[in-house]
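Okay, so here's the structure we're looking at.
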Amino acid sequence: MPLILGTNSIKDTGYNVANSLRFDDGSSDSLTRTQTAGNRRTFTLSFWVKRSQLGLNEAIFNINNGTNPYGRIFFKSDNTLKIDDYDGSQDTNIVTSRVFRDVSAWYHVVVAYDTTQSTASNRIKLYVNGVQETSFSPETYPAQNFDTEYNNNSQVLEIGDFNNSQFFNGYLSEVVMIDGQQLDATSFGEFDSDSPTIWKPIDVSGLTFGTNGFYLDFENSGSLGADVSGNSNNFTVNNLTSIDQTTDTCTNNFCTLNPLITETSRTDNQNYSEGNTIIIPNSTDNYGTTFSTMGVQGSGKWYWEAQIVWNGTSSNANYPRTIGFVTEDYAFNYSYLGQDDESWGVAFHDLSTDGWGLDHNGSFSAISGATTMANGGTVMLALDLDNGKFYMGYNGTFFTSGDPTSGATGTGAIATLTATDLSKFIIPAVTNATNTTYYKFNFGNPAYSISSGNSDGNGYGNFEYSVPSGYYALNTKNLAEFG
């Protein structure tokens, strides 16, 4: 069973969202569109969002990019959500009392305007995961019949940026604008009939979108800004490419690295990027360890990959450090994975004959015949919890002639887990060493190019090498079935 399940995606919902778009502030990613004249008083914005970084001002919607007048919807640096409109004075200033700090989950957000309403609090309604938010501080609503900049002729609507500085980090899917109607959350989602606390998306293609309305489903990798509402209100794509189209969505949430769980004894921070699939230390000799957002316990067979980034310097401190997994009891007070009984880490070491080895419980064991590593190479990790076996390989071949499909025999397994180990949650993890040597993770949604393309037996994931039969990517649909 999973350690952390992302909201809204633990079972087959009946309606499945195929794609999301991954934004990264380091790449200045955004989508832009120049509006025509529409309804500036009544409209609805809906989107599903999975955050990657916290503690920053991050724009979701922005109109007129900070030039007076403007409007925006964004996450503040204190992780609240703010809605504001500005026209020489603060016409709208609504900030949620709640915070949004779960980087493992998808949130559904609906912002519905109707400034013609006589009751101020009805002029803007905010829904999160199907429930209307009612607690705000501050809470300033626009004047009755206030004309926003949304749907204003010739104004530029931007997704993912404000003022060329407040770029969004994370994933967006099912992004919708309804011009001319104030809709509630039930137009875009519903509670699951079997699990009534789970909010899930519904098909929105039949909605009436209005003049400036659009529906971005991000399913066309060659035209990521394509509007599929029928209006052809397409967006210009800025710094986003086909590699930013992912299958990590609000109906199948994929594992990523978790910036909320890091080694607190280390003072040097690490930088997360590309939807938390890459982590890079700020400097050398950091040895910071981090977890992933999902863990598994007791059953299932799980597969993931990572691409090596290496500067070619041949010493222990300059190789990518250790990659592997930890149990839930890992103490985070060791320099790198493998120094205690609660972690397993595989690393390339500077030995008399350089090679890969397994670190566990403070002991290093060289892996026979595993002597090759290069920049751009791919490591493969296969964890069989049904039989307590761990396999690792490089560039398509498992070490020691490993056969992850050998079951209890464990042919070529580089580690065997005890019953005590298997009783705990086990979580993919990594220790990085320097800012020039690290791993790019691929739990099925890589932020780097894949030359071949392989999925698991359920059709999930995009991996460089064939997924062993019976092994699955770490996502919520597979966890619900096999975890």
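The values are calculated or read from the model by the stated rules, or taken from the named source; none is laboratory data. Because the structure is predicted, anything quoted here is derived from the model rather than measured. Using ideal geometry, Cβ is built from the backbone for each residue, glycine included, and neighbour counts are taken over all protein chains shown.
Remarks
- For first residues located in region 230-253 and in contact (Cβ under 8 Å) with a residue 60 or more places away in the chain and in the same structural domain as T208 (by TED's automatic domain parsing), partners that are β-branched (V, I, T) and surrounded by fewer than 22 Cβ atoms within 10 Å (Cβ to Cβ) and lie 6+ apart or on another chain with Cβ distances below 6 Å form the pairs T236/T32.
- Just one residue in the set E219, E190 is outside any loop (DSSP other than H, G, I, E, B), acidic (D, E) and surrounded by fewer than 22 Cβ atoms within 10 Å (Cβ to Cβ); that residue is E190.
- Options N122, N145; residue that is within 12 Å of R41 (Cβ to Cβ) and surrounded by fewer than 17 Cβ atoms within 10 Å (Cβ to Cβ): N145
Here is a yes/no grid of residues against (1) at pLDDT 95 or above; (2) closer than 19 Å to T249 by Cα; (3) in contact with a His (Cβ under 9 Å, 6 or more places away or on another chain):
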{"residue": "R22", "(1), (2), (3)": "yes, yes, no"}
{"residue": "S30", "(1), (2), (3)": "yes, yes, no"}
{"residue": "R33", "(1), (2), (3)": "yes, no, no"}
{"residue": "R40", "(1), (2), (3)": "yes, no, no"}
{"residue": "W48", "(1), (2), (3)": "yes, yes, yes"}
{"residue": "G55", "(1), (2), (3)": "no, no, no"}
{"residue": "F61", "(1), (2), (3)": "yes, no, no"}
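- For region 187-206, the candidate set comprises residues that are free of Cβ contacts under 8 Å to residues at least 40 places away in the same chain and closer than 20 Å to F218 by Cβ; within that set, the residue that is nearest to the chain's Cα centre (by Cα) is S205.
- The residues of region 156-165 that are assigned to a loop (DSSP other than H, G, I, E, B), at negative phi and buried (at least 22 other Cβ atoms within 10 Å of the Cβ), listed by number, are D161, F162.
- Qualifying positions in region 222-262 - over 22 Å from N458 (Cα atoms), within 17 Å of the chain's Cα centre (by Cα), in a loop (DSSP other than H, G, I, E, B) and not β-branched (V, I, T): L240
- Only one entry of F325, F348 meets the criterion of being free of Cβ contacts under 8 Å to residues at least 40 places away in the same chain, under 25 Å from I279 (Cα atoms) and in the same structural domain as F443 (by TED's automatic domain parsing), and that entry is F348.
- Residue that is within 22 Å of Y438 (Cβ to Cβ), assigned by TED's automatic domain parsing to the domain that holds D403 and not aliphatic (A, V, I, L, M), where the choices are S368, S343: S343
- Taken over region 84-106, residues that are over 17 Å from N145 (Cα atoms) and crowded, with 20+ Cβ neighbours inside 10 Å amount to 6.
- Hey, F390 buried (at least 23 other Cβ atoms within 10 Å of the Cβ) and touching a Cys at 6+ places or on another chain (Cβ under 9 Å) or not: no
- Among residues of region 333-360, those that are surrounded by fewer than 21 Cβ atoms within 10 Å (Cβ to Cβ) and of a type in the set (A, V, I, L, M, F, W, C), counted: 1
- Meets criteria (of a type in the set (S, T, Y), touching a residue at least 40 places away in the same chain (Cβ under 8 Å) and surrounded by fewer than 20 Cβ atoms within 10 Å (Cβ to Cβ)) for Y438: no
- Enumeration of residues in region 426-452 that are assigned to a strand (DSSP E or B) and among the small types (G, A, S): A429
- Just one of the listed residues (G396, G453) is more than 27 Å from Q270 (Cα to Cα), modelled with pLDDT under 95 and surrounded by fewer than 17 Cβ atoms within 10 Å (Cβ to Cβ), namely G453.
- W310 vs. criteria of a type in the set (F, W, Y), at pLDDT 95 or above and assigned by TED's automatic domain parsing to the domain that holds T400: no
- Screening A382, A370 for residues that are among the small types (G, A, S), under 30 Å from D24 (Cα atoms) and surrounded by 17 or more Cβ atoms within 10 Å (Cβ to Cβ) leaves exactly one candidate, A382.
- Residues considered: G412, G444. Of these, the only one that is touching a residue at least 12 places away in the same chain (Cβ under 8 Å) and surrounded by fewer than 23 Cβ atoms within 10 Å (Cβ to Cβ) is G412.
Let's see how each residue does on (1) among the hydroxyl-bearing types (S, T, Y); (2) more than 24 Å from D329 (Cα to Cα):
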| position | (1), (2) |
| --- | --- |
| L381 | no, no |
| K389 | no, no |
| T418 | yes, no |
| D421 | no, no |
| A429 | no, no |
| F441 | no, no |
| K477 | no, yes |
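- Residue check for S165: touching a Cys at 6+ places or on another chain (Cβ under 9 Å) and closer than 23 Å to N276 by Cα: no
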